Amino acid sequence: MYAIVEINGQQFKVEQGKKMFVHHIKNAESGETVEFDKVLLVDADGAITVGTPTVEGAKVVCEIISPLVKGEKVLIFHKKRRKGHRKLNGHRQQFTEVNIKEIVAQTLKGE
């Protein structure tokens, strides 16, 4: 069973027991349980349910492993040739590591 869920403006394919990095969730603490109810699609052993826009009654339950993880550093370099202009910026994105505990969804009856 897997689901497509929207977390902080991004869509993720989640499966039970998987660990993943999502954009930083504010006011989150380690060991806390978080529920996401913007489930866009659920696949329960071949029975696919597509939401309009979300699946009614479906949610994804996650446990926060680490509330703040920094991603790799990305360097942004700007240069204008023959002008002597050079500029170097760096950025590290902040993530939250979560573990998918369960996907709660009703399966379709009779299909």
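Along the range 46-58 the Karplus relation, 6.51 cos²θ - 1.76 cosθ + 1.60 evaluated at θ = phi - 60°, assigns HN-Hα couplings of x, 8, 8, 10, 9, x, 10, x, 10, 7, 5, x, 9 Hz to successive residues, with x for each Gly and Pro.
Please compute the contact order of the chain in relative form: average sequence separation of alpha-carbon pairs under 8 Å and at least six residues apart, divided by the residue count, as a percent. Here the relative contact order equals 32 percent. Whole-Hz Karplus values for the range 68-82 come out as 9, 10, 8, x, 6, 6, 10, 9, 10, 10, 10, 8, 10, 5, 6 Hz, taken residue by residue from phi with 6.51 cos²θ - 1.76 cosθ + 1.60 and θ = phi - 60°; glycine and proline positions read x. Largest GNM mean-square fluctuation across Ile65, Ile76, Ile25, computed for the chain with C-alpha springs under 10 Å, falls on Ile76. Between the labelled values [x] 38, 18, 10; [y] 26, 21, 8; [z] 33, 20, 12, the entry that holds semi-axes √(5λ) of the Cα gyration tensor in Å as derived from this structure is [x]. Dipole of the chain computed with +1 at Lys/Arg Cβ and -1 at Asp/Glu Cβ about the Cα centre; of Gly57, Gln106, Phe77, farthest Cα towards the positive end is Phe77. Near Val34: Cβ cut-off under 13 Å, other residues only, Lys/Arg at +1 and Asp/Glu at -1. The net charge is -3. Picking from Lys101, Lys87, Lys26, which is most flexible by a Gaussian network model of the chain using Cα springs under 10 Å? Checking each option, the largest mean-square fluctuation is seen for Lys87.
By accessible area, using a 1.4 Å probe on protein heavy atoms only, the chain has 46% of its surface on carbon and sulfur.
Within the range 19-92, how many lysine pairs that are 8 or more places apart, or on different chains, have C-alpha atoms less than 22 Å apart? Lysine pairs satisfying the spacing and distance rule in the range 19-92 number 11. Per residue, the average separation of C-alpha pairs within less than 8 Å and at least 6 apart gives the range 62-111 a relative contact order of 46 percent.
At a probe radius of 1.4 angstrom, the accessible area of the chain per residue rounds to 72 square angstrom. Taking the Cα centre of the chain as reference, the dipole from Cβ charges on Lys and Arg (+1) and Asp and Glu (-1) amounts to some 1740 debye.
The values are calculated or read from the model by the stated rules, or taken from the named source; none is laboratory data. Predicted, not measured: the structure shown is a model, and the values here were computed from it. Here the Cβ is made from the backbone with ideal geometry for all residues, glycine too, and neighbour counts use every protein chain on show. Please note that ligands, DNA and RNA were not included when accessible areas were found on the heavy atoms of the full protein model with its side chains. Shrake-Rupley method; radii C 1.70, N 1.55, O 1.52, S 1.80 Å.
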